[in-house]
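**Q** The structure's right below; bear with me while I get my questions together.
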């Protein structure tokens, strides 16, 4: 009950502040006067009283890859805008009125930062970081790490780790079977054709020594293709671009190179 | 290329999760997955996740909340509908009013303001049966931001 009493007093105090502030604000706008120090003081006080609201909101956007301090700063800009526009006659609490303005300001900031591109990238990065940390911790611990251990290691939340692992897939916006528009190639290909993934045929090549020996039978260009394709997981399309040949040609060369390698390794 | 996924059925996910903070991530993920099926933009999906997290937090912080949260995420033709319900409860709920004091006990009330900002329509009901919040987000088809 004491809480509620406190809240009621806070509300009344804010209202009184707004009454004085709005009275001055209107006087200035009607008479084209410049604001005096009293006006500024009231505005500042209203801002200070509501900084917790800005903080409350900014914290909720802090997992989207921008520093919290920056978000609080742009959120405060939104708060000031709301203070300058708020009208007691609206019959809503200032908090209700200010929230969309503050959130709007924070989201605009993200947009200006090209955030729509950054979020998937950040997820992917975290996803990669999880994989790397997982390998590293597996070695040092001698067992597979727990999510808690990964979270500590990467200074992230456990839920972030879990999300990064899952969302790598949830945000995979294109189906692998979707057709991609080939630039010049007449035949359309699906995304699955171009993704760099390990080839089953390559399981033969696990033994590095064997592999090095086998590689000698390849031509320079074949070696480059095999290297890019299977060690760097570069797509055929990308390899084609780098070598300035068609993707079909890369595909043929790759098939030929793998045949050669299989033949050598089967010996 | 980014046309909506073919959906011959409405998609519905309805998990029941323990009413505890460590399960909120699952609620976020369920909502994000359904939102993604509707081809919401990445920003909209983040907003949906945030709204769901706030709603769950509101339930969890509600005095005398139940043992579970019943979450319903539904992809309708051009609409995402999410319902967050307090369930498995005992005791009597206390009606809460959003207000100006920002200590932890009141965060839940503020969360509702935030949800209103993030979603298109929000209705909620706090009764002795607990919190029951329904939020809708429409697919605008415009992703020019």
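The values are calculated or read from the model by the stated rules, or taken from the named source; none is laboratory data. Fair warning: this is a prediction, and the values are worked out from it, not measured in the lab. Cβ atoms come from the backbone with ideal geometry, glycine included; neighbour counts cover every protein chain shown.
**Q** For residues that are within 23 Å of the chain's Cα centre (by Cα) and surrounded by 18 or more Cβ atoms within 10 Å (Cβ to Cβ), scanning just segment A:64-83, find the one that is nearest to the other protein chains (Cβ to nearest Cβ).
**A** Here the answer is A:64.
**Q** On to the next question. Select from segment B:69-105 the residues that are modelled with pLDDT under 50 and in contact with a strand residue (DSSP E or B) (Cβ under 9 Å, 6 or more places away or on another chain) and list them in ascending order.
**A** Hits for segment B:69-105 are B:93, B:94, B:95, B:96.
**Q** Do you know which residues across segment A:129-147 are surrounded by fewer than 18 Cβ atoms within 10 Å (Cβ to Cβ), in contact with a helix residue (DSSP H, G or I) (Cβ under 6 Å, 6 or more places away or on another chain) and part of a helix (DSSP H, G or I)?
**A** A:129, A:147
**Q** Could you pull out the residue among A:61, A:86, A:21 that is touching a helix residue (DSSP H, G or I) at 6+ places or on another chain (Cβ under 6 Å), more than 12 Å from every other protein chain (Cβ to nearest Cβ), closer than 26 Å to residue B:121 by Cβ and at pLDDT 85 or above?
**A** A:86
**Q** Pick from A:192, A:151, A:116, A:164: which is at pLDDT 80 or above and either assigned to a helix (DSSP H, G or I) or farther than 30 Å from residue A:21 by Cα (or both)?
**A** A:151
**Q** I would also like to ask the following. Do we have residue A:66 as out of contact with any strand residue (DSSP E or B) (no Cβ under 8 Å at 6 or more places or on another chain) and not in a helix (DSSP H, G or I) here?
**A** Criteria met by residue A:66.
**Q** Taking residue A:75, is it within 26 Å of residue A:24 (Cα to Cα), in a helix (DSSP H, G or I) and without any contact (Cβ under 8 Å) to a residue 40 or more places away in the chain?
**A** Spelling it out, residue A:75 is indeed within 26 Å of residue A:24 (Cα to Cα), in a helix (DSSP H, G or I) and without any contact (Cβ under 8 Å) to a residue 40 or more places away in the chain.
Results for (1) outside the structural domain of residue A:16 (by TED's automatic domain parsing); (2) over 16 Å from residue A:17 (Cα atoms); (3) free of Cβ contacts under 8 Å to residues at least 40 places away in the same chain, shown as yes or no for each residue.
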{"position": "A:84", "(1), (2), (3)": "no, no, no"}
{"position": "A:87", "(1), (2), (3)": "no, no, no"}
{"position": "A:100", "(1), (2), (3)": "no, yes, yes"}
{"position": "A:103", "(1), (2), (3)": "no, yes, no"}
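**Q** Take the residues in segment A:43-53 that are touching a residue at least 24 places away in the same chain (Cβ under 8 Å) and facing chain B (nearest Cβ under 10 Å); name whichever of them is surrounded by the fewest Cβ atoms within 10 Å (Cβ to Cβ).
**A** Step by step, filter segment A:43-53, then rank; the result is A:51.
**Q** For residues that are over 22 Å from residue B:126 (Cα atoms) and more than 11 Å from chain A (Cβ to nearest Cβ), tally how many sit in segment B:13-64.
**A** 2
**Q** Conditions first: (1) modelled with pLDDT of 90 or more; (2) under 14 Å from residue B:115 (Cβ atoms). Residue B:23 passes all but one, so which condition is the exception?
**A** For residue B:23, the failing item is (2).
**Q** While we're here: As an exercise: evaluate residue A:1 against (1) more than 26 Å from residue A:90 (Cα to Cα); (2) modelled with pLDDT under 85; (3) surrounded by 18 or more Cβ atoms within 10 Å (Cβ to Cβ) and give the number of the one condition it does not meet.
**A** (3)
**Q** Here's a follow-up. Of the residues A:77, A:130, which single one is at pLDDT 90 or above and farther than 17 Å from residue B:47 by Cβ?
**A** A:77
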